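Working notes for the structure below.
Quick note: the coordinates plus some simple rules give every number you see, no bench work behind them. Predicted model, so just to flag it, every value in this text is computed and none were measured. All Cβ positions, even for glycine, are placed from backbone atoms using ideal geometry, and neighbour counts span all protein chains on display.
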Amino acid sequence: MAEQGVIVIVVSSDLQELVRVSHRILVMRKGRIIKELAEGTVTQADILEAASGLLGEVAE
């Protein structure tokens, strides 16, 4: 589907599933994207760190 330009948005608290099915993960908090994680380099710990609010930076 990605080759055809199709976008699928997945909202899940199952981090293992997100890592398995995603090419790119955007972590949002308070309506803003706070972290973008790329396929192949992302871990469940990366997602938890971003979602926990411990990160100060905001992705542009």
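Each peptide among 22-35, 5-18 gets the average number of other Cβ atoms lying within 10 Å of its residues, and from highest to lowest they stand as 22-35, 5-18. With helices as the sole contributors, the chain gives -6500 deg cm²/dmol at 222 nm; each DSSP H run of n ≥ 4 counts as -39500 (n - 2.57), and the sum is divided by every residue. A cut-off under 12 angstrom between Cβ atoms defines the neighbours of Arg20, and their net charge, with Lys, Arg +1 and Asp, Glu -1, is -3. Shape descriptor for the chain: Rg over Rh equals 0.96 (Cα atoms; Rh from the Kirkwood inverse mean 1/r).
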